[in-house]
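Here the structure is laid out as structure tokens; the discussion comes afterwards.
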Amino acid sequence: MLQLQVLVPPIVALMALAFLFNAVLNKFQDSQYRQVAFGLLFGGVVVLGMANPLSLGEGLIFDTRTLMVGAATVFVGPLAGGIAMAAGIVCRILIGGAGTGAGIVGLVLAFSLAMFWGSFVRHRLKNHILHDAVFGLWVTFSATAFFVLPFQLALTLIASVLPTLLFANICGMVIVGLVFRKEVNQFENAKQLVAYAQTDSLTSLLNRRGMDAKIDDTQFDPTIGHALFYFDIDNFKYINDTYGHPAGDAALAILAARIKDSLRDEAVFARHGGDEFSIYLPKIEAADVQSVGNRLCDCVSQQAFTCDDITFDVSISIGAFWSREDIPIQQMIDQADTQLLLAKQAGKNRAQVAYDRGDQSAAVA
């Protein structure tokens, strides 16, 4: 006979899982603490189910802890499953009673079965619903932990709870899988849409919207200073007119790739449109700005560009602005753009720098 009252607490928790999954995904999906966060989430559901179990006798309880431990292990990872298992073990010890040993063994078995499944079976079943249903059935083998108890009692208990356990594990695993995958897919789709909205399709660099968002999340060091480099391609119209727009597009893409490879990880590199680019460096000494600008010019001009068997030279002119003050990014761009005009007037293929401090307030080339 199915004893469905045991499913009420975890079903209530499952109703909240969509919201909780979404919250954890948004906070931790790209974080090194992702498995810890999900492990605590699944562990909380385990404890909730164990706090409201079906009593099978003095010190013997039945709940859906093995379902949640298995789901955490396969859907998230071993660390998440281990945390959920640990939460269940601690809770079972605190509950106590004659079934404590069997309960602990059942949790360990559920985790072990899920680890085996994740390593050897998971990717063999392509249909998600079939995968989750069969996985729920597989986790049910953790019920062999009942045989830690006296044999006759174990047989009686298995006969009593096996129908409910099968139903709970199979249906519950399918539901958890549907909810989890739905939330992960929605999160990934939303993240991809944001990436599309903030990325330049030709160069794969940030666009202005993406640059602003990235800089907002970046802390500059006022003891060192920060700088904005603003530059464009010298005689870009001539390249387009002479070699064609495909060559112009190739020049933009090659330039972006070369410069990106030469930058530090914290640099925020963006294309503003046309042949205009910027690089924001959150930590750079004033004495290093000019040499960085010169290096960027050399990175572009010292090797010819090639497109469809056409070889042509490309150079850039750079305007840069350095400061220790927390200046709005648009103001830094405006200052750098002024220096870019001076670099063009001075002969192109060079970097012109302005410093926002009293002892070095004049622009230098």
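Computed in the context of the full set of protein chains, the accessible area of the chain at 1.4 Å probe radius has 59% of its extent on carbon or sulfur. Projected over all directions and averaged, the alpha-carbon convex hull of the stretch 49-114 occupies 3.7 nm². Solvent-accessible surface of the chain, taken per residue with a 1.4 Å probe and all protein chains present: 48 Å². When the alpha carbon gyration tensor of the chain is reduced to an equivalent ellipsoid, its three semi-axes come out at 63, 22, 15 angstrom, largest first.
Each of SER291 and ALA23 was given a label point 7 Å from its Cα along the Cα-to-Cβ line. The distance between the two points is 5.0 nm. For the pair ALA195 and ALA98, label points projected 7 Å from Cα toward Cβ lie 5.7 nm apart. Shown is the FRET efficiency for ILE158 and LYS214, computed with R0 = 56 Å from the Cβ-Cβ distance and rounded to the nearest 0.05: 0.45.
Placing R0 at 22 angstrom, the Cβ-Cβ distance between ARG264 and GLN331 gives a FRET efficiency of 0.40 after rounding to 0.05. For the chain, the dipole from Cβ point charges (+1 on Lys and Arg, -1 on Asp and Glu) about the Cα centre works out to 1500 debye, to the nearest 20. Over the chain, Cα pairs under 8 Å with separation of 6+ residues give a relative contact order of 12 percent. Accessible surface ranking for VAL24, VAL300, 1.4 angstrom probe, highest first: VAL24, VAL300. Across the options LEU178, LEU193, ILE224, the greatest Cα extent toward the positive end of the charge dipole of the stretch 157-231 (unit charges at beta carbon of Lys, Arg, Asp, Glu) belongs to LEU178.
Were the residues from SER301 through SER315 laid out at 0.36 nm apart, the gain over their Cα-Cα distance would be 4.6 nm. Along the axis of the charge dipole computed for the stretch 273-365 (Cβ charges of +1 for Lys and Arg, -1 for Asp and Glu, origin at the Cα centre), the listed residues ILE310, LEU296, ALA354 are led at the positive end by ALA354.
All other residues whose Cβ lies under 11 angstrom from that of HIS131 are scored, Lys and Arg at +1 and Asp and Glu at -1, for a net of +3. Centre-to-centre separation between the Cα atoms of the stretch 224-280 and those of the stretch 50-83: 55 Å. Solvent exposure of LYS260, expressed as accessible area, is near 110 Å², computed with a probe of 1.4 Å over the protein chains only.
Going by accessible surface with a 1.4 Å probe and the largest first, LYS214, LYS348 read LYS214, LYS348.
Report the accessible area of LEU341, computed with a 1.4 Å probe over the heavy atoms of all protein chains in place, in Å² rounded to the nearest 10. Rounded to the nearest 10, the figure is 100 Å². Quick one, could you list the DSSP H helices from the chain stretching 27 Å or more along their long axis (Cα atoms) with average Kyte-Doolittle hydropathy of 0.5 or above? Membrane-span-like by this criterion, though nothing is claimed about a membrane: 8-28, 100-120, 151-197.
For the stretch 288-302, the residues whose backbone nitrogen is under 17 Å from a point 7 Å from the Cα of ARG324, taken along Cα to Cβ, are 288-289. Placing a label point 7 Å from the Cα of PHE120 along the Cα-to-Cβ direction, the residues of the stretch 71-99 whose backbone N falls under 17 Å from that point are 74. Seen from MET173, the other residues with C-beta closer than 14 Å to its C-beta sum to a net charge of +2, counting Lys and Arg as +1 and Asp and Glu as -1.
The values are calculated or read from the model by the stated rules, or taken from the named source; none is laboratory data. Remember, predicted model here, so these are calculated numbers, not experimental data. When we count neighbours, we look across all protein chains shown, and the Cβ atoms used for this are built from the backbone with ideal geometry, even at glycine. Side chains included, ligands, DNA and RNA excluded: accessible areas come from the protein's heavy atoms. Shrake-Rupley method; radii C 1.70, N 1.55, O 1.52, S 1.80 Å.
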